[in-house]
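In what follows, a structure is listed as structure tokens, so that the remarks can point back to it.
The values are calculated or read from the model by the stated rules, or taken from the named source; none is laboratory data. Everything numeric in this text was worked out from a predicted model, so none of it was measured. FYI the Cβ positions are ideal-geometry reconstructions off the backbone, even for glycines, and counts take in every protein chain you see. Surface areas here come from the heavy atoms of the whole protein model, side chains and all, with no ligands, DNA or RNA. Shrake-Rupley method; radii C 1.70, N 1.55, O 1.52, S 1.80 Å.
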Amino acid sequence: MGQVGWKGLCLSLFDYKTEKYVIAKNKKVGILYRVVQLSILAYLVGWVFVVKKGYQDSDTSIQSSVITKLKGVAFTNTSELGERLWDVADYVIPPQGENIFFVMTNLIVTPNQRQDTCPESTGIRDALCSKNRDCPAGEAVIAGNGVKTGRCLKVGSNTNGTCEILAWCPVEKKSKPKKPLLATAENFTVYIKNSIRFPKFKFSKTNVLNTDNDSYLKHCHYSAQHLYCPIFHLGKLVSWAGNNFQDMASEGGVIGIQIEWDCDLDKAASECNPHYSFSRLDNKFAEKSISSGYNFRFAKYYRDAEGVEYRTLIKAYGIRFDVMVNGKAGKFNIIPTIINVGSGLALMGAGAFFCDVVLLYLMKKSNFYRGKKYEEDENQNSSPRAAMLKGDFRAGMQKGPCPLSYDRLKPCRSIFWATGVQPTENGRVSHSAAPASI
Amino acid sequence: MGQVGWKGLCLSLFDYKTEKYVIAKNKKVGILYRVVQLSILAYLVGWVFVVKKGYQDSDTSIQSSVITKLKGVAFTNTSELGERLWDVADYVIPPQGENIFFVMTNLIVTPNQRQDTCPESTGIRDALCSKNRDCPAGEAVIAGNGVKTGRCLKVGSNTNGTCEILAWCPVEKKSKPKKPLLATAENFTVYIKNSIRFPKFKFSKTNVLNTDNDSYLKHCHYSAQHLYCPIFHLGKLVSWAGNNFQDMASEGGVIGIQIEWDCDLDKAASECNPHYSFSRLDNKFAEKSISSGYNFRFAKYYRDAEGVEYRTLIKAYGIRFDVMVNGKAGKFNIIPTIINVGSGLALMGAGAFFCDVVLLYLMKKSNFYRGKKYEEDENQNSSPRAAMLKGDFRAGMQKGPCPLSYDRLKPCRSIFWATGVQPTENGRVSHSAAPASI
Amino acid sequence: MGQVGWKGLCLSLFDYKTEKYVIAKNKKVGILYRVVQLSILAYLVGWVFVVKKGYQDSDTSIQSSVITKLKGVAFTNTSELGERLWDVADYVIPPQGENIFFVMTNLIVTPNQRQDTCPESTGIRDALCSKNRDCPAGEAVIAGNGVKTGRCLKVGSNTNGTCEILAWCPVEKKSKPKKPLLATAENFTVYIKNSIRFPKFKFSKTNVLNTDNDSYLKHCHYSAQHLYCPIFHLGKLVSWAGNNFQDMASEGGVIGIQIEWDCDLDKAASECNPHYSFSRLDNKFAEKSISSGYNFRFAKYYRDAEGVEYRTLIKAYGIRFDVMVNGKAGKFNIIPTIINVGSGLALMGAGAFFCDVVLLYLMKKSNFYRGKKYEEDENQNSSPRAAMLKGDFRAGMQKGPCPLSYDRLKPCRSIFWATGVQPTENGRVSHSAAPASI
């Protein structure tokens, strides 16, 4: 028996068990269900597959390198500096040509500063004084340029003056040219070379047309037609970001240049193109507030004949450009495909659940449907049936098919009802009597 | 017929098919299942929706720009430099005020270095020598400052010396002030302006109070009360990162300033606030090892009257601050909502699966429940029933309802069991005989 | 009754309802289903759990700080500069030792440039002229070095010359040393210290062996054996990236150094190791095109005795190294575990769906299986059965079992078919007659 049992067990392992369904001839719910199914299908096909490319394995860890190079010169003629020509080495900070670069458009120059003592600028609250006691020696001026020496310097017969400080003297004047000095920076051009690589797919590309024709890259400018000529006119860059170069030039600001690579590697490599977008990163709306614009101070250091150090302090206003590269590549892969299809189908289960709720609790005849859907297990008395169903005759007999004792009749009868056979008035059932009548 | 068939088919398309369930009056499993359902529901509501905001479409590709500006001056009085005042242009490197900035707190100055020959520093193993042959001309000193000239220089009557090298002479002395020179840098303040933008939702904000009241931003300091006054006291920054400024000042280190924007755009924009956190990025635990601290060398280049270049080498110790911005924004969107609800419900299926296993294999009466759950398809002999169910009489007849040949009796009988009709002892069944009796 | 009803309802809440299954003795589909189940299980265990570690909660927001430090000196002997030694302060730009650093390997020096007038370089198309009118005064030379003064300068008896410009004079010569000046940079070493932190798990680590043995870090070099000695030989770095240092040195380029931290925090911290990979980021394939290589210009500014500014312009070619750190940490967490198991099981549903399609539409006997799977709800007439099933006898009676009126016979008959009872030719059914015969 054991042997046979095992064999049976093994065989039964390969019986396919499928849910038993009840067909509810209820068009309302039926249609509802079809709608749900269709919308899930639409979602699966339309959203997951077409839009989100759910059949692809994707790589978002893009490796990118950005090299930037500016071109252009500006001529200025100011009292401090006289006639002066500015070239790349002068106005680009830092010079390395990385993904973040700053173009100076306006500046306050304070030449020949030396370590010395001089009056603090009158603009600084903490430095105002009426007597020396207001300037305790050795105390640094808050938000100021130096350390108080202990003297209060007054101009002429004023009762008020500013503290004398030890600092880089003379201190910077708080006035900046209304009109940007390097206004012509608008015509400078920047060449932005971006090379990317998707390590997972060993795919690399650059945003520069790979041509031997030097003159092309020497004279082209970026446009929808010249997508692979990444040479930008600064003025255009700013206007594309929704701003006016001359406005930004005087106060400074930050422009973001996003380069987006969204590559479908199931298509040809030529389909994988960079997409540029431009935006102003510092909030221009605070234009009025003191927090507006972008500027910083730096100095050039010199030594005079005696070897004494002096410097030229420059407060530089200008536009910082941040080149940000991001992207993702996708390539067909069977695993995500299966997963997405699978979970999509799994969603159907949720749809069915929803429709069941409608059918079983919101429909007029829901009571009846519940009856159909949920089959009582008629515990004790139906066990023989269960046993016999399994063809195990003895088991059935042991548990005993119901005798005709009245107390057990009702449940028993219910079996017969279940078989659609109609009871006689006296509760006895004809065909179980029939044999007797033979 | 075809026409009718098609019509039927079409209609049947809109019959709703729902799984047939068996009710197992087993309170244990029943309760278990309810618990599972409740926990899934709890997970769905509590975790997916409340915590993870699963009903929102999110944008993590934050666009951010950081502008930093330091304020403060320090006074030093050393033998090399004499009385000297350090201001922003002196101690901030690089000066541009980007998201990474370095504040010099201690330094070794080696002034007036010229291209010349001089003895290598005694600290360098490779430069130790006893005779000229130990210093092959033209060979670079490993981890040293120059190229050997071929001579071994000895001080006085020592038998050992160091190679003469061609280098920037004199070479740097390997001694650094125990006490940080710019200890007062602790009182410097830094203004960190951060503007962010979520392109997907066209939402932008800045961490600076948008006020016209200049004095506010001139005098406030960051605190829980002044969340929108991003002016930080360097000493506090370091202490918030769990370190002591003076300790870091002498050896240097790296402090990370994280700005987190976690915005729920279903709420008011004013609910979207920056959250600051501070941490030390270089591992302080290696304090003892040579790999500790943060320092670098840079030089200022000069020309003397003859136009000969000389330089001042500065080994700068200090604290580097890295401002890192990240964030995400969420806004209600129907698609993720449906997906999450759906997959949550789909999870119920898994729960049911789990409970089935318990019911069918771990329960005392599991044998019986299996019988209820799995209905045999009584292959050959029940096919007529199947056929008749579909009302296709002939088909049923062809396949033939079971004849009374004894060998086929058993399976046949099983049908009748299935119908709850009891066989007579001789295996004949009354009602199939009944018609004959008419 | 109400009370009883509520009690019953409450109890019934804890009845476990399980789908009823039909066993299709179809080995083909059975095996198919088992295969599907096994593959889903394999996917779940193999892919989700073993490969993707689906049982872990992961943290990808790695906090990282990189400190780089170069060592090495180079000796050059050129006409412009004479004998010169280059040390770190000379060839590393910027000096701060951040995650992006540039090593100068070749350069064009233009010393003693002053603001003056001189002929534009002949290489620039826009500056070529035959008469003064070709050089409108004040116009900037496109892609040139200065602003035209209005004069056309010709050498000797040439009919063509170049415009005179106001610029930093003399202008740069367009010739660069074929052989890289600082070829010996190949032997420089760089020390890359990387400290990481996973905030969510409060786990931090560094890529430097935490030893007190200074000499180790002074003399080791990175290799598979010395994973925690992040000291790299520049030449090796470049070769690991698949390039030749000397080739890159003359034109310049960009090398990416990826440091990957993939940490399983369920294991010991010592199992969490950095993984280095090296790649060339600028596309070397464009070697020929003008867009190849990497170089930039910067200047050193001086003042002569009269305080007039002059500068040395340096066009620096070299290799930029970008250190990129990314990583993720995972730690066991119950929630993702449950989710993954759950959705894995939910996938089974999809598998069953698939097999059903096969069974019900592709199998020979699919017609029969459909009959088994889908149970008609025999609307009106079977309601009593449904009612009685629920043991509610009266309800059953009210709705009334089907009378023998002929119009209602067909549906009624279908019940009997369902019970496997055979009709007589005249449509009357024996056992419903039987009682009459009694």
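Taken over the range B:224-238, residues that are in a loop (DSSP other than H, G, I, E, B) and open to solvent by less than 10 Å² (accessible area, probe 1.4 Å) amount to 2. Every test in (1) assigned to a loop (DSSP other than H, G, I, E, B); (2) surrounded by fewer than 14 Cβ atoms within 10 Å (Cβ to Cβ); (3) at pLDDT below 90 is passed by residue B:221 save one, and that test is (3). Residue pairs whose Cβ atoms lie under 6 Å apart, separated by 6 or more positions or on different chains, with the first residue in the range C:204-223 and facing chain B (nearest Cβ under 7 Å) and the second open to solvent by less than 40 Å² (accessible area, probe 1.4 Å) and not in a loop (DSSP other than H, G, I, E, B), are C:206/C:195; C:208/C:193; C:210/B:286.
Give the residues of the range B:46-56 that are more than 18 Å from the chain's Cα centre (by Cα) and within 30 Å of residue A:325 (Cβ to Cβ), sorted by residue number. Matches in the range B:46-56: B:56 only.
Among the criteria (1) closer than 30 Å to residue A:316 by Cα; (2) facing another protein chain (nearest Cβ under 7 Å); (3) open to solvent by less than 20 Å² (accessible area, probe 1.4 Å), the one residue A:92 does not fulfil is (2). Restricting to the range B:163-177, name every residue that is open to solvent by less than 10 Å² (accessible area, probe 1.4 Å) and of a type in the set (Val, Ile, Thr). Scanning the range B:163-177 gives a single hit, B:165. Note on the range B:239-252: among residues that are closer than 30 Å to residue B:60 by Cβ and touching a Lys or Arg at 6+ places or on another chain (Cβ under 9 Å), the one that is least open to solvent (accessible area, probe 1.4 Å) is B:241.
Would you confirm whether any residue within the range B:158-174 is within 14 Å of chain A (Cβ to nearest Cβ) and of a type in the set (Lys, Arg)? Checked the range B:158-174: no residue is within 14 Å of chain A (Cβ to nearest Cβ) and of a type in the set (Lys, Arg). Is at least one residue of the range A:54-71 open to solvent by 20 Å² or more (accessible area, probe 1.4 Å), out of contact with any strand residue (DSSP E or B) (no Cβ under 9 Å at 6 or more places or on another chain), among the polar types (S, T, N, Q) and not in a strand (DSSP E or B)? Looking through the range A:54-71, none of the residues is open to solvent by 20 Å² or more (accessible area, probe 1.4 Å), out of contact with any strand residue (DSSP E or B) (no Cβ under 9 Å at 6 or more places or on another chain), among the polar types (S, T, N, Q) and not in a strand (DSSP E or B). Filtered by the rule that a residue be farther than 30 Å from residue C:106 by Cα, open to solvent by 30 Å² or more (accessible area, probe 1.4 Å) and touching a residue at least 40 places away in the same chain (Cβ under 8 Å), the range C:312-335 gives C:326, C:328, C:331, C:332, C:333, C:335.
Among the residues of the range A:42-67 satisfying the criterion of being without any contact (Cβ under 8 Å) to a residue 60 or more places away in the chain and of a type in the set (A, V, I, L, M, F, W, C), which is nearest to the other protein chains (Cβ to nearest Cβ)?
Residues of the range A:42-67 that are without any contact (Cβ under 8 Å) to a residue 60 or more places away in the chain, as a first pass: A:42, A:45-47, A:50-52.
If we keep only those that are of a type in the set (A, V, I, L, M, F, W, C) as well, we get A:42, A:45, A:47, A:50-51.
Values: A:42: 12, A:45: 14, A:47: 7, A:50: 14, A:51: 10 Å.
Ranking the qualifying residues of the range A:42-67, first place goes to A:47.
Within the range C:187-203, being surrounded by 19 or more Cβ atoms within 10 Å (Cβ to Cβ) and more than 12 Å from every other protein chain (Cβ to nearest Cβ) holds for one residue alone: C:190.
Residue by residue, here is whether (1) within 30 Å of residue C:319 (Cα to Cα); (2) touching a Lys or Arg at 6+ places or on another chain (Cβ under 6 Å); (3) not polar (S, T, N, Q) holds:
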position: C:150; (1), (2), (3): no, no, yes
position: C:164; (1), (2), (3): no, yes, yes
position: C:183; (1), (2), (3): yes, no, yes
position: C:222; (1), (2), (3): yes, no, yes
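Which ones in the range C:11-41 are of a type outside the set (A, V, I, L, M) and in contact (Cβ under 8 Å) with a residue 60 or more places away in the chain? Spell out the reasoning first.
Narrowing the range C:11-41 to residues of a type outside the set (A, V, I, L, M): C:12, C:14-21, C:25-28, C:30, C:33-34, C:37, C:39.
Residues satisfying the conditions are C:26, C:28, C:33, C:37.
When the criteria are applied in full, residue A:107 meets the requirement of being more than 9 Å from every other protein chain (Cβ to nearest Cβ) and at negative phi. Residues in the range B:138-152 that are out of contact with any helix residue (DSSP H, G or I) (no Cβ under 7 Å at 6 or more places or on another chain) and more than 9 Å from chain C (Cβ to nearest Cβ) were compared, and the one that is surrounded by the most Cβ atoms within 10 Å (Cβ to Cβ) is B:148. In the condition set (1) at the interface with chain C (Cβ under 8 Å from one of its Cβ atoms); (2) touching a residue at least 12 places away in the same chain (Cβ under 8 Å), residue A:84 is compliant with all but (2). If I filter the range A:1-38 down to residues being within 40 Å of the chain's Cα centre (by Cα) and open to solvent by 60 Å² or more (accessible area, probe 1.4 Å), which single residue comes out as farthest from residue A:334 (Cα to Cα)? For the range A:1-38, the residue satisfying everything is A:31. Among the residues of the range C:340-369, those identified as more than 11 Å from chain A (Cβ to nearest Cβ) and either part of a helix (DSSP H, G or I) or not charged (D, E, K, R) (or both) are C:340, C:341, C:361, C:362, C:366, C:367, C:368.
Here residue B:42 does not qualify as in contact with a Phe, Trp or Tyr (Cβ under 6 Å, 6 or more places away or on another chain) and either at pLDDT below 90 or more than 25 Å from residue B:202 (Cα to Cα) (or both). For beta carbons closer than 7 Å, sequence separation of 6+ or different chains, a first residue in the range A:254-275 that is more than 12 Å from chain B (Cβ to nearest Cβ) and a second that is open to solvent by less than 50 Å² (accessible area, probe 1.4 Å) and acidic (Asp, Glu), the qualifying pairs are A:271/A:264. I'd like the residue in the range B:309-332 that is within 12 Å of chain A (Cβ to nearest Cβ) and out of contact with any Leu (no Cβ under 7 Å at 6 or more places or on another chain) and, out of all such residues, is nearest to residue B:37 (Cα to Cα). The extreme case among them is B:325. Pick out the one residue from B:102, B:75, B:14 that is in contact with a Lys or Arg (Cβ under 8 Å, 6 or more places away or on another chain), within 11 Å of chain A (Cβ to nearest Cβ) and at pLDDT 90 or above. The unique qualifying residue is B:75.
Could you grab me the full set of residues in the range B:77-130 that are within 30 Å of residue B:150 (Cα to Cα) and among the acidic types (Asp, Glu)?
Just the residues of the range B:77-130 that are within 30 Å of residue B:150 (Cα to Cα), to begin with: B:108-130.
Within the range B:77-130, B:116, B:120, B:126 meet the criteria.
Applying the condition of being in a helix (DSSP H, G or I) and not acidic (Asp, Glu) to the range A:113-127 and asking which residue is least open to solvent (accessible area, probe 1.4 Å) yields A:127.
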